[in-house]
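A.B. asks: Shown below is the structure under consideration.
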Amino acid sequence: MSTPGAEAEEPERYEVTLCWRDGRETSLLVARDETVVDAAERVGLSLPYGCLYGACGTCTGKLLDGTLEHRAEPRALKERHREAGYVLLCLAVPRSVCRVEVGATVQADLVPNPWK
Ligand code: FES
């Protein structure tokens, strides 16, 4: 419901689709002030995470479509990772409908393999 004469309001929640590399996809509604990790936990979905404050990188996802904002400095990501679309889902809050690649293997993209 909108108030007559009010500016267009931002939606309270956005649909965020989580895409695993094995082809599974699940959509959930994430509030503007809720992180993707918190929203996933709320509905019983397991996403990898560790510190929950942006330092470890365990929760790394890759934004495929849409806009996510970090609500604090994502210290575990280098600038080039952020430019390539990587996000920390423990800090990421939605600002549009989004699609995000998730799962433990996404973080491995950021770490060079010394054995190759
Ligand atoms: S859980 Fe550690 S950076 Fe997100």
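The values are calculated or read from the model by the stated rules, or taken from the named source; none is laboratory data. Remember, it's a predicted structure, so these values are computed and weren't measured experimentally. Cβ atoms come from the backbone with ideal geometry, glycine included; neighbour counts cover every protein chain shown. With ligands, DNA and RNA removed, areas are computed over all heavy atoms of the protein, side chains included. Shrake-Rupley method; radii C 1.70, N 1.55, O 1.52, S 1.80 Å.
A.B. asks: Using a 1.4 angstrom probe with every protein chain in place, what is the largest-first accessible-area order of 20, 115?
C.D. replies: Working: 20 35, 115 225 Å².
Sorted descending by solvent-accessible area, the residues read 115, 20.
A.B. asks: Only bridges whose two residues both fall in the chain count here: according to DSSP, what percent of them are antiparallel, nearest 5?
C.D. replies: Of the beta bridges lying entirely in the chain, close to 75 percent run antiparallel.
A.B. asks: Could I ask something else about it? May I ask you to give the solvent-accessible area per residue for the stretch 39-94, in square angstrom, as obtained with a 1.4 angstrom probe?
C.D. replies: Spelled out: the 1.4 Å probe surface of the stretch 39-94, per residue, equals 52 Å².
A.B. asks: How do 56, 90 stack up against each other in accessible area, from largest to smallest, with a 1.4 angstrom probe?
C.D. replies: 56, 90
A.B. asks: Just want to confirm a number: the relative contact order over the chain, from Cα pairs under 8 angstrom separated by 6+ residues, in percent.
C.D. replies: 31 percent
A.B. asks: Give a residue-ordered list of calculated ³J(HN,Hα) values for the stretch 27-36 (Karplus: 6.51 cos²θ - 1.76 cosθ + 1.60, θ = phi - 60°; whole Hz; x for Gly, Pro).
C.D. replies: 10, 9, 8, 10, 6, 4, 10, 10, 7, 5
A.B. asks: Order 52, 45, 91 by their accessible area, 1.4 angstrom probe, all chains in place, largest first.
C.D. replies: 52, 45, 91
A.B. asks: Taking 0.36 nm per residue of sequence separation and subtracting the Cα-Cα distance, how much length would be gained by fully extending the chain between residue 104 and residue 53, in nm to one decimal?
C.D. replies: Gain in length upon complete extension: 16.6 nm.
A.B. asks: Now for a separate question. To the nearest 20 debye, what is the magnitude of the charge dipole of the chain about its Cα centre, counting +1 on the Cβ of each Lys and Arg and -1 on the Cβ of each Asp and Glu? If you can, show how the numbers build up before the last one.
C.D. replies: On the way: 14 positive and 18 negative charges, 115 e Å.
Charge dipole, the chain, about its Cα centre: 560 debye, nearest 20.
A.B. asks: Something else now. When the label point is put 7 Å from the Cα of residue 95 along its Cα-to-beta-carbon vector, which residues of the stretch 21-36 have a backbone N closer than 19 Å?
C.D. replies: 30-36
A.B. asks: Further question: Can you pull the one-decimal nm distance between simple spin-label points at residue 15 and residue 65, each 7 Å off the Cα toward Cβ?
C.D. replies: 1.0 nm
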